[in-house]
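For reference, the structure is listed below as structure tokens.
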Amino acid sequence: MTDDVDALARQVVEGSPRATARALTWVESGGPRAEALAARLYRHTGRAHVVGITGAPGSGKSTLARALARVARGRGRTVGILAVDPSSPFSGGAILGDRIRMNDLALDPGVFIRSMATRGALGGLCRAAADAIDVLDAAGRSLILVETVGVGQDEVDVMRVAHTVVVVSVPGLGDDVQALKAGILEIADLHVVNKADREGADRTIAELRAMLTLMPLVEETWMPPVLGVSAAREEGIEAMADALEGHLAYMKTSGEADRRRRRMVAARVLRIAQDLVAATLLRPDALEAQGSEATTLLDRVLRREVTPHAYARALLTRMGERTPDV
Amino acid sequence: MIAKVGLDGHDRGAKVVARSLRDAGMDVVYTGLHRTPEEVVAAAVQEDVDVLGVSLLSGAHLTLIPRVVELMREAHAGDMLLVVGGVIPDEDVPVLTAMGAADVILQDTPPEAVARRVRELVAARQPR
Ligand code: B12
Ligand SMILES: Nc1nc2c(ncn2[C@@H]2O[C@H](COP(=O)(O)OP(=O)(O)OP(=O)(O)O)[C@@H](O)[C@H]2O)c(=O)[nH]1
Ligand SMILES: [Mg+2]
């Protein structure tokens, strides 16, 4: 396996689209092979500007990603797009349709688009999002756009992977802007009111600006700009690209970039640790696997000599003992 | 991936198939109408799909499928299965399989049978 992993990692770093595609399949599938690959790629990451694009279903995120990718290409950037769509809670399958809006980009070797399904993840992205972004980053994509599923209020995982978060609104939200106040609107570094070719965009822009003046600023000096664009007509996209570059520059000069990267890495480590714990404990035989001692302990919990809480703690301690050091 | 290539505007079958594959638990990338073979193969490579399904009801399969096969070869997408579906005369089926289609699925195939067939084809192929 090591040979395969080494070869694939090398081809990804060289920028091969086919290897990049296969690497994304590996990280999406998870398991030891995915971890081994991610380990080889990690030191090649950290160069890309990762921009999250989130907003309500149908707000135009995919159309916007296409328009933005075209502008970025004009500015000499290479682009990776990770587009996430929801899995069916019933069958586990998914129809991935974001690509429909971006088909013409497929012929530009400077743009690489990958669709992924949420597969039960609840935060608006897929479980493999951070690893997938690393693959695109290692493959040399200098701008990575991450399109979330159409979100409601609290699917904010994108803030844990993106350096810059774009929240897309559309005209006619009306009172919904108020309703959204406490949700995803809070995580925006840039507000985009898409479909500005339609009536009511000015009002939505004004409402968003009014809302922002009422909101406590998390960061001292960055006031999220509110831009009206038409993704479909490709209007206002140059200004949007400028604003994204502006945010990145602000982050670097203010030191916020380092703080944010640190927060993102911490969140990622914790998330992986949680998944590891869950994967170990959620095995149906998690307790039996601990041997006869576990059965005895379980008996003691049954006899009320030991509390379930104490036993759970003991389980975690023991798991720590069995996990190899870094 | 379910793809519509060329001027063929019949998307009902493609959508029916996409939905039934989703209901069978698969991830299905749908390209939308009027794609070129170049777009479809490039997209299939980026998505690293197990199966590239091309839906054709226009009668242009004998010109479009060879192009798709050629592009797949150029892209070294050898382990990707090509499945053709739609309205295709019986006598063209062996022609398409000789070109490299793993299977040709004709009209009036029940959607569940399509899903079963796709599953069989993928299971028979080497794991990646
Ligand atoms: C509905 C229909 C239309 C609708 C399409 C609506 C839509 N959005 O899809 C409308 C009215 C728009 C239309 C227009 C035309 N149509 Co028309 N249409 C039909 C019709 C009656 C049914 C097609 C259909 O939807 N079937 C139901 C679906 C579920 O079945 P299906 O697509 O075959 O899919 C099944 C299988 O084939 C398979 N499958 C399909 N794709 C795939 C892909 C994969 C990967 C897999 C695994 C399986 C698979 O699985 C599906 C489930 O079993 C057929 C006749 C027929 N009996 O097929 C003619 C037919 C396809 N049309 C025909 C023609 C000529 C036209 C027009 C050119 C007519 C005209 N002169 O204007 C235009 C062309 C439009 C265009 N731009 O392409 C001809 C094509 C002749 C040919 N191939 O040589 C047909 C065969 C009628 C005929 N006998 O002449 N059409
Ligand atoms: N009028 C107008 N329509 C637009 C604009 N941008 C996108 N649309 C349309 O809005 C619809 C949804 O666009 P998408 O880009 O698929 O939206 P999305 O947010 O990616 O959708 P989901 O991924 O399903 O949540 C499509 O019909 C687009 O053509 C725009 O600037 N103006
Ligand atoms: Mg979309």
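The values are calculated or read from the model by the stated rules, or taken from the named source; none is laboratory data. These numbers were taken from a predicted model, which means no experiment stands behind them. With ideal geometry, Cβ positions are generated from the backbone for all residues, glycine too; neighbour counts draw on all protein chains shown. Note: areas computed on protein heavy atoms with side chains; ligands, DNA, RNA excluded. Shrake-Rupley method; radii C 1.70, N 1.55, O 1.52, S 1.80 Å.
Would you point out which residue out of B:D27, B:D23 is more than 10 Å from ligand 1 (Cβ to nearest atom), at the interface with chain A (Cβ under 8 Å from one of its Cβ atoms) and either open to solvent by less than 40 Å² (accessible area, probe 1.4 Å) or free of Cβ contacts under 8 Å to residues at least 24 places away in the same chain (or both)?
It is B:D27.
Working carefully through the options A:G92, A:G80, find the one that is away from ligand 2 (no atom under 12 Å from the Cβ) and free of Cβ contacts under 8 Å to residues at least 40 places away in the same chain.
The match here is A:G92.
Grab the strands (runs of 3 or more DSSP E) fully contained in segment A:101-208, keeping just those with 2 or more residues being under 30 Å from B:A44 (Cβ atoms).
A:111-117, A:143-147, A:164-169
List the pairs whose first member sits in segment B:35-47 and is more than 7 Å from chain A (Cβ to nearest Cβ) and more than 16 Å from A:R18 (Cβ to Cβ), whose second member is surrounded by 24 or more Cβ atoms within 10 Å (Cβ to Cβ) and aliphatic (A, V, I, L, M), and whose Cβ atoms are under 8 Å apart, counting only residues at least 6 apart or on separate chains?
These pairs meet every condition: B:T36/B:V5; B:P37/B:V5; B:P37/B:V68.
For the condition within 11 Å of ligand 3 (Cβ to nearest atom), surrounded by fewer than 24 Cβ atoms within 10 Å (Cβ to Cβ), of a type in the set (A, V, I, L, M) and at the interface with chain B (Cβ under 10 Å from one of its Cβ atoms), what is the one hit in A:I95, A:I100?
Residue meeting the stated conditions: A:I100.
What's the total number of residues in segment A:205-225 that are modelled with pLDDT of 85 or more and within 21 Å of A:V146 (Cβ to Cβ)?
3
Filter segment B:32-55 down to the residues that are buried (at least 24 other Cβ atoms within 10 Å of the Cβ) and outside any helix (DSSP H, G or I) and list them by number.
Result: B:L52, B:G53, B:V54, B:S55.
Quick one: count up the residues across segment B:48-76 that are touching a Leu at 6+ places or on another chain (Cβ under 7 Å), within 9 Å of ligand 1 (Cβ to nearest atom) and within 14 Å of chain A (Cβ to nearest Cβ).
So the answer is 2.
Conditions (1) in contact with a Phe, Trp or Tyr (Cβ under 7 Å, 6 or more places away or on another chain); (2) not assigned by TED's automatic domain parsing to the domain that holds A:R233, marked per residue:
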| site | (1), (2) |
| --- | --- |
| A:D3 | no, yes |
| A:W26 | no, yes |
| A:R33 | yes, yes |
| A:G52 | no, no |
| A:P57 | no, no |
| A:T63 | no, no |
| A:A69 | no, no |
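Using the structure shown, decide if A:L82 is among the hydrophobic types (A, V, I, L, M, F, W, C) and within 12 Å of another protein chain (Cβ to nearest Cβ).
Considered against the rule, which asks whether it is among the hydrophobic types (A, V, I, L, M, F, W, C) and within 12 Å of another protein chain (Cβ to nearest Cβ), A:L82 comes out as yes.
Test A:L68 against the stated conditions and say whether it is within 16 Å of ligand 3 (Cβ to nearest atom), closer than 29 Å to A:A9 by Cα and out of contact with any Lys or Arg (no Cβ under 9 Å at 6 or more places or on another chain).
Taking the combined requirement at face value, the residue satisfies it.
Give just the number: which of (1) over 20 Å from A:V193 (Cβ atoms); (2) in a helix (DSSP H, G or I) does A:A243 not satisfy?
The one condition A:A243 does not meet is (1).
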